[in-house]
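The values are calculated or read from the model by the stated rules, or taken from the named source; none is laboratory data. Remember, it's a predicted structure, so these values are computed and weren't measured experimentally. All Cβ positions, glycine included, derive from the backbone under ideal geometry; neighbour counts span all protein chains shown.
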């Protein structure tokens, strides 16, 4: 076991260090964005990366805070802080307890074997959610990128003074009711306590209300006109410079992470010229310590409203991680263990929460960087975590001088990058298969837009649930309408159909025949994607018999596209036989036909396909 663990120590060291360098600016930025500060992002990156790699089921996975996990965490943190009079230190035990629960739930999901079911989430739901994450990050980072902080806008905060006084008085009445001393006939105690309210108390509550009013995507939109009037040009230029370097440096080389270059260059300019800029919160330079207040300050009543949110956070982390695991599998030609990966992610998130870190998941870009740099075993992910710890211990005071606007600029590029452009580009092309009143719409597009809008402006958690329900109902209706015989696209040994008896015996090594029996939809794409593994090395032509594939959804469409791309790279010709109307229409809309499958490779009958084979395929084995 240990020999395998250290079998690629040079490649793993280089991969881990490179991935750690890429993770550093993102960890700081996600920490600031979450509302818990840069150190929380670093702690999350250190502990999740190390322990998820050690206990997980994907050898090359690099884990840490990600855009989706941070977006949900941001909502959780803002809600608990607001319930604790805007005091983060007071809210911290409840926040970290929710994150700890999310990690424990992930371990539970892995232990009961739910990892393999994650693939049943339809593509439009994932697409709408990922685009919403990008929109949320962009909108929430607009204010810090132009140097506007609502809590510091005196005139804006003053507007909340009457409301703040009401809230404080309401809290006094609640306290008295809880103590059993509230007497309506005699308000002497209430008046006594109210007389002790200072201007500082009212100001603090006003700032909390101002921050709450401008939090989230909708709050940022509301605050934007005022922010533009109070723009800080230095902060704006620092953020703009960061964005320019991130995109510009990629054109020069991708070997050095452009986010790190932007972080170093812009921060260096700000410090070197002694500019009067806003820094991030101070990063502790000592060894991280366990936040014992999770246990000593535990209150069931403060955590109970967030149990469902913790479960959602764990499910989101599971989806995020396992999607990255699939990417890693495709790059390394390996097979991850989904349930073990969930256990590893859960352990990483639980330990990160104990030390005050924000939750995370498998990070696609960092994982790809690790693999490309030579990482092959779990050691690479552990080295990435150790490398971040060393940086924090050695460079904590230096990192504390990073401008807040630089991290806002980095997050804006993350928001732009995380959106699902593939899904967005497909919107005009997908068939309009449902009617809503006088309008004809695409069911796939409808699901995507519903999830996108609900996630952005209402609730990330409920949006995914509603998207899944709509997708399931629409799928059931379609399958009912099509009266599908059965769904069978599994990679089992193929049995010849009756009309294949006359197929030339001498060409059976050169030609592989695959039968698709039933709809190709989000629940069957995983088995379909493994088709290329079933094709023998001698085969140079694949015949796909599609007469029983009555229906194909967007997930199936992209699974087909990916499989055809793989076969094209291997110079394998693909022939379609008896392609039905709906799947053909879907494939024509995104140009699979004729880009991958020219019309002359589509046959109405197996006999005509066999005639083409006899004329064009030579017996070489």
Out of all the residues in the stretch 567-579, is one or more within 22 Å of residue 423 (Cα to Cα) and modelled with pLDDT under 90? no
Check residue 289 against each of (1) touching a residue at least 40 places away in the same chain (Cβ under 8 Å); (2) out of contact with any helix residue (DSSP H, G or I) (no Cβ under 7 Å at 6 or more places or on another chain); (3) part of a helix (DSSP H, G or I) and name the one condition it does not meet. (3)
Please go through (1) in a helix (DSSP H, G or I); (2) in contact with a strand residue (DSSP E or B) (Cβ under 9 Å, 6 or more places away or on another chain); (3) modelled with pLDDT of 85 or more for residue 547 and return the number of the only condition it doesn't satisfy. (1)
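Residue 47 - would you say it is within 17 Å of residue 348 (Cα to Cα) and either crowded, with 24+ Cβ neighbours inside 10 Å or not assigned by TED's automatic domain parsing to the domain that holds residue 316 (or both)?
On the way: within 17 Å of residue 348 (Cα to Cα): yes; either crowded, with 24+ Cβ neighbours inside 10 Å or not assigned by TED's automatic domain parsing to the domain that holds residue 316 (or both): yes.
Yes; evaluated as a whole, the condition is true for this residue.
Counting only residues that are in contact (Cβ under 8 Å) with a residue 24 or more places away in the chain and surrounded by fewer than 18 Cβ atoms within 10 Å (Cβ to Cβ), how many does the stretch 583-595 have? Quick ask: steps written out before the conclusion?
Filtering the stretch 583-595 down to residues in contact (Cβ under 8 Å) with a residue 24 or more places away in the chain leaves 583, 585-587, 589-590, 592.
From what is left, the residues that are surrounded by fewer than 18 Cβ atoms within 10 Å (Cβ to Cβ) are 585, 589.
Selection size over the stretch 583-595: 2.
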Flagged in the stretch 342-363 as farther than 11 Å from residue 314 by Cα and surrounded by 24 or more Cβ atoms within 10 Å (Cβ to Cβ), in numbering order, are 344, 348, 352, 353, 356, 357, 358, 362, 363
Contact list please: Cβ distance under 7 Å, first residue in the stretch 297-319 and in the same structural domain as residue 56 (by TED's automatic domain parsing), second residue in a loop (DSSP other than H, G, I, E, B) and surrounded by 16 or more Cβ atoms within 10 Å (Cβ to Cβ), pairs at least six apart or on different chains. 313/359; 317/359; 319/121
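Pull up the stretch 519-539, narrow it to residues that are in a loop (DSSP other than H, G, I, E, B) and at pLDDT 80 or above, then point me to the one that is nearest to residue 478 (Cα to Cα).
Step one: of the stretch 519-539, the residues in a loop (DSSP other than H, G, I, E, B) are 519, 521-524, 530, 535-539.
Subset that is at pLDDT 80 or above: 519, 535-539.
Details: 519: 10, 535: 31, 536: 35, 537: 37, 538: 39, 539: 35 Å.
Only one residue fits best here, namely 519.
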Can you tell me which condition residue 295 does not meet? The list is (1) farther than 23 Å from residue 75 by Cβ; (2) touching a strand residue (DSSP E or B) at 6+ places or on another chain (Cβ under 9 Å), and all the others hold. (2)
Does the stretch 584-592 include one or more residues that are at pLDDT 90 or above and assigned to a strand (DSSP E or B)? no
Starting from residues that are exposed (fewer than 12 other Cβ atoms within 10 Å of the Cβ) and in a helix (DSSP H, G or I), keep the ones in the stretch 596-606 and report whichever is nearest to the chain's Cα centre (by Cα). 599
Out of the stretch 320-341, which residues are surrounded by fewer than 19 Cβ atoms within 10 Å (Cβ to Cβ), in a loop (DSSP other than H, G, I, E, B) and touching a residue at least 24 places away in the same chain (Cβ under 8 Å)? 334, 337
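Check the stretch 472-485 and report whether any residue there is farther than 30 Å from residue 456 by Cβ, outside any helix (DSSP H, G or I), at pLDDT below 85 and touching a strand residue (DSSP E or B) at 6+ places or on another chain (Cβ under 9 Å).
Of the residues in the stretch 472-485, the ones farther than 30 Å from residue 456 by Cβ are 479-485.
If we keep only those that are outside any helix (DSSP H, G or I) as well, we get 483-485.
Add one more test, that the residue is at pLDDT below 85, and what stays is 483-485.
Then keep just the ones that are touching a strand residue (DSSP E or B) at 6+ places or on another chain (Cβ under 9 Å); that gives 484-485.
Within the stretch 472-485, one or more residues are farther than 30 Å from residue 456 by Cβ, outside any helix (DSSP H, G or I), at pLDDT below 85 and touching a strand residue (DSSP E or B) at 6+ places or on another chain (Cβ under 9 Å).
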Any chance the stretch 506-517 includes a residue that's farther than 17 Å from residue 592 by Cβ and surrounded by fewer than 16 Cβ atoms within 10 Å (Cβ to Cβ)? yes
Residue that is nearest to the chain's Cα centre (by Cα), among those in the stretch 141-191 that are more than 19 Å from residue 209 (Cα to Cα), part of a helix (DSSP H, G or I) and at pLDDT 90 or above: 141
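Take residue 108 and tell me if it is modelled with pLDDT under 90 and surrounded by fewer than 22 Cβ atoms within 10 Å (Cβ to Cβ). Lay out the reasoning, then the answer.
Numbers: modelled with pLDDT under 90: no; surrounded by fewer than 22 Cβ atoms within 10 Å (Cβ to Cβ): yes.
For residue 108, the condition - modelled with pLDDT under 90 and surrounded by fewer than 22 Cβ atoms within 10 Å (Cβ to Cβ) - is not met.
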Subset of the stretch 230-282 [closer than 23 Å to residue 41 by Cα and outside any helix (DSSP H, G or I)]: 256, 257, 277, 278, 279, 280, 281, 282
